[in-house]
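Each value in this text was obtained by applying a stated rule to the coordinates, not by laboratory testing. Because the structure is a prediction, the values reported are computed rather than measured. A quick note on method: Cβ atoms are made from the backbone with ideal geometry, for glycine too, and the neighbour counts reach across all protein chains shown.
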């Protein structure tokens, strides 16, 4: 309604009321209308109402009048004197008895004390697109930013719905939301992407569709406010990309997997294709090239990802060298050390592609239009480069993308360099580990052997797992498997010290429990030396907590003596198929020095299977369940021990093991009775001649007459020594194996020692003679006494 205001002389202004018939002619003209527009009733009654507007009638008002709907809005009218008068128009339809529609129009002058103009200017200058729609969802007004965003003129959209012909799908979506708000009265917020007609890249808007209510609270229209959040959306996506790279790149210390993670993240959020080329030296864990070096080294396509299945747009197969020619985008990025972007139509790109037919073909076939190449630089060295391509995304890479790619490459390069350094350290530790482990075992009569060593996949590096097979006198063999706590080069070095110590102690022919006792003392003496290096170095290099199991198998007695120190015992599979894990006496880990070690002796028939292993083989599952795969694999023995090792690893290790695995499998053998001769010797000096005669006769049966002279001397000295200094019973045993072993046993625990006799001494030359005549000699103690043995080398003919 028109506002009731005072005129200049104090009289109240009359309402500006105009009546219009169905034909659009003025039928009534109130005095308020005359005061507002200057026309007298006689001048306008009977005339057409469009003549009252300053310009054409608004389309929205025309649609309302044609369809018989009420309408309200702001219009521009023309005063009698020709000036423009802005007014708020309220048009209401009135139907007579005959059904004809006439109109009652109330005009309220848009009195402007400056506020209205200011509000209008502010709305036009807002960087916020605002449109107002009536109950029929037709636009009745909008600000300048809205017209700019839609790239239309006001007369093209006023009085029309957004979804009508000529408007893009985003506007149809807004029309649907506006209709929903008209129906529910609830505001809606939505994010819509659009591609403006005057720009090449898409825009993103945050749209707020709100109801407009009248004085009675009824919904009489809607308003749509759209805020351009394109830059914020780009910043959000870039932040999301860097966040995804931080979480998804460098999850492991594997160079190739880290490169693939970079390709996966970038292809999902940044480019249509991503290829990662790394120096061959980086892949192998060697030192890379200095930063800025020219592309003269070999670069391998290590990883790639695409929005298309199978990366068909790539001209370089995965794992193959990428030839980086001069003046190529890759060479320029490597030589400058900076990320660079290129468009396919650039002259330099055209010249380069003319020399690269495979790349040019794929660029044509897949519509590649934009290149971005960033070098992978870390700690002053060049690791490789990453190539970003776009062919499905219409926007080329811009300056912001260039900076983003450079930052992404820098972060990924650090992760790749960390993986490279880990690979270098791991390769060093593995090289040391393999150099300290036996590559083959010597041939012997006691057992057949097969072994495996599998480094763990732990990021901490290889641990100190080890194994060994040591030939012992009397055709016996020592089997040992151990584990040093820790990982890396220090654990490998500690393992090497322990293996050397075991071999040294094994030469003393000690029983298993005594050998472990000496080994424990050695570790106890070594740890204080490590502590002097400082807490960090001591923690890395210390052998505290190392464990091992040591077993000695005798193919003559067909027994195996075992002792363990903080390590699982072996599995034993007998020829009849019985499989068990002997309950060996538990010993503490090496380096504690608190508890004694004890051994157990097992009787093993020929053909028995011994499986020694480190705990990495059964660590995947705790308890007895962890031994179930090992039991199943051993319960199905194979003719080849090599196949048996593979079967055990396949059954117990699903994928790369988390910890190192050492496996040693031995099948026992026995010396035939014809290879061993044993005699009892009475404690009488006259028995020495008899002993020589018995030995000479046995050598004749074996066809070893050429060794008779030396053997007689050895037997004479050893038997004489036992009769003179030992205690009965005394026995003499000859063993023919790869060598000829002469053993004399007695029940005395006193061990002889080698000394050099003076010129006039009558004795003291016996053991010196034994040492000179034999290849090896020594003393072996047992619970019942000692055995002095001497071994001769046999010729090939013998």
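What number does the range 312-392 give for Rg over Rh if you use C-alpha atoms and the Kirkwood radius? If you can, show how the numbers build up before the last one.
On the way: Rg = 12.6 Å, Rh = 13.2 Å.
Across the range 312-392, the Cα-based Rg/Rh ratio is 0.95.
So for 326, 138, 257, fewest C-beta neighbours within 10 Å to most, what's the order? Write down the numbers at each step before the final one.
Values: 326 11, 138 21, 257 16.
In order of increasing Cβ crowding within 10 Å: 326, 257, 138.
Rounded to the nearest 0.05, what FRET efficiency is calculated for residue 708 and residue 640 with R0 set to 35 Å and r the Cβ-Cβ distance?
On the way: r = 41 Å, r/R0 = 1.17.
Taking R0 as 35 Å, the efficiency between residue 708 and residue 640 is 0.30.
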- Note on the structure: The helix 169-184 Cα axis meets the longest alpha-carbon principal axis of the chain at an angle in degrees, between 0 and 90 and rounded to 10, of 70
- Query: Any idea what the alpha-carbon Rg over 2.2 N^0.38 Å comes to for the chain?
  - Reply: 1.77
- Task: Treating the angle as unsigned and between 0 and 90°, give the value, to the nearest 10°, between the Cα long axis of helix 512-531 and the longest Cα principal axis of the chain.
- Result: 50
- Provide the three semi-axes, in whole Å and in decreasing order, of the ellipsoid equivalent to the range 126-228 as defined by the square roots of 5 times the Cα gyration tensor eigenvalues. 22, 14, 12
- Message: Using only Cα atoms and rounding to the nearest 10 degrees, what angle (0 to 90) does helix 489-507 make with the longest principal axis of the chain?
- Response: 10
- Query: Per the Kirkwood treatment, what hydrodynamic radius in Å, one decimal, follows for the range 673-793 from the mean inverse distance over all distinct Cα pairs?
  - Reply: 14.4
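Which whole-number percent gives the relative contact order of the chain, counting Cα pairs below 8 Å spaced six or more residues apart? List each step's numbers first, then the result.
Details: 1610 pairs, mean separation 51.4, N = 798.
Reported as a whole number, the value is 6 percent.
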- Query: What percentages, rounded to whole numbers, describe P(r) for the range 16-109 computed over all alpha carbon pairs with 10 Å bin width beginning at zero?
  - Reply: 17, 55, 25, 2
- Listing 161, 189 from the residue with the fewest other Cβ atoms within 10 Å to the one with the most, what is the order? 189, 161
- Item | Model label zone, residue 193; criterion: amide N under 17 Å from point 7 Å along Cα-to-beta-carbon; scope the range 392-427 | 392-398, 401
- Arrange 567, 391 by Cβ neighbour counts within 10 Å, fewest through most, would you? 391, 567
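Could you grab the relative contact order for the range 661-752? Cα pairs under 8 Å, six or more apart, rounded to a whole percent. Don't skip to the answer; put the middle values down first.
On the way: 106 pairs, mean separation 29.1, N = 92.
Answer for the range 661-752 is 32 percent.
How large is the convex hull of the Cα atoms of the range 234-427 per residue, expressed in Å³ as a whole number?
Details: hull volume 19.9 nm³, N = 194.
Each residue corresponds to 103 Å³ of Cα convex hull volume.
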- Query: Rounded to a whole number, what is D in µm²/s for the range 242-290 from Stokes-Einstein with the Kirkwood radius over alpha-carbon pairs (37 °C, 0.692 mPa s)?
  - Reply: 282
